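The values are calculated or read from the model by the stated rules, or taken from the named source; none is laboratory data. All of these numbers come straight from a predicted model, not from anything done at the bench. No Cβ is skipped: glycine too gets one built from the backbone with ideal geometry, and neighbour counts run over all protein chains shown.
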């Protein structure tokens, strides 16, 4: 299984752009990368998924370099409500499609 | 309807009790999952059902017994649990499992306390 490494925590201020990087050095050829957000006592919520280059949706962007050994979740102009834990997941055929959560990054957005 | 509904939200049980957690989705998803989450830890995969068949069991102790009676329902039967099994149990679903699994939709979880 591809192991992921994320910063334990990050601090930011309202209105700033936040970039959270995930390392996945042994990502398999067919693995895709997915990010989830989780608030306390709630289930995780899907943010974005990608395989290579750049993916953008209404809430975030995901940047994946050519070697795919890392990925960066970019949250534009964060607000207090973005304070949460963010998880990077890597999985696909080589990992029997097991979606295993990494340790996560606790993002604190300050006023 | 993009909801995964879990009941009960809270459950307290003794080590000799038998109880069940229930999960329901009406999105037509054919894959359903159980995860366990301890405080300040990431969710841990327990079971995956695909088309009502158990596809993944992550070496979960037999005191946890999953059941998928139909494509919309997923149960987790609990028997002879230990205090260390106290956790938030999360159910999730996705359109399919394997290939392009895509987005997992999670319920709010059932918080279990074993006395």
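Take the residues in segment B:75-101 that are assigned to a strand (DSSP E or B) and either away from chain A (no Cβ under 14 Å) or without any contact (Cβ under 8 Å) to a residue 12 or more places away in the chain (or both); name whichever of them is nearest to residue B:31 (Cα to Cα).
Applying the first criterion (assigned to a strand (DSSP E or B)) to segment B:75-101 yields B:75-79, B:87-94.
Among the residues that remain, those that are also either away from chain A (no Cβ under 14 Å) or without any contact (Cβ under 8 Å) to a residue 12 or more places away in the chain (or both) are: B:75-79.
Numbers: B:75: 13, B:76: 15, B:77: 18, B:78: 21, B:79: 25 Å.
Looking at residues that are assigned to a strand (DSSP E or B) and either away from chain A (no Cβ under 14 Å) or without any contact (Cβ under 8 Å) to a residue 12 or more places away in the chain (or both), I get B:75.
Working only within segment B:9-56, note down all residues that are touching a strand residue (DSSP E or B) at 6+ places or on another chain (Cβ under 7 Å) and loosely packed, with under 13 Cβ neighbours inside 10 Å.
Going through segment B:9-56, the residues touching a strand residue (DSSP E or B) at 6+ places or on another chain (Cβ under 7 Å) turn out to be B:9-13, B:15, B:18-25, B:27, B:29-38, B:42-50, B:52, B:54-56.
Listed by number, the residues that qualify are B:9, B:10, B:18, B:54.
Which residues, counting only those in segment A:1-46, are over 15 Å from residue A:106 (Cα atoms) and not in a loop (DSSP other than H, G, I, E, B)?
Correct list: A:23, A:32, A:33, A:34, A:46.
Suppose the filter is within 14 Å of chain A (Cβ to nearest Cβ) and either part of a strand (DSSP E or B) or at pLDDT 95 or above (or both); does residue B:11 pass it?
Numbers: within 14 Å of chain A (Cβ to nearest Cβ): no; either part of a strand (DSSP E or B) or at pLDDT 95 or above (or both): yes.
Answer is no for this residue.
Look at segment A:76-111 and say how many of its residues are assigned to a helix (DSSP H, G or I) and out of contact with any strand residue (DSSP E or B) (no Cβ under 6 Å at 6 or more places or on another chain). Even if it seems obvious, please write down each step before you answer.
So in segment A:76-111, the residues assigned to a helix (DSSP H, G or I) come out as A:80-82, A:93-95.
The next check asks that each one be out of contact with any strand residue (DSSP E or B) (no Cβ under 6 Å at 6 or more places or on another chain); those that pass are A:81, A:93-95.
Total satisfying the criteria: 4.
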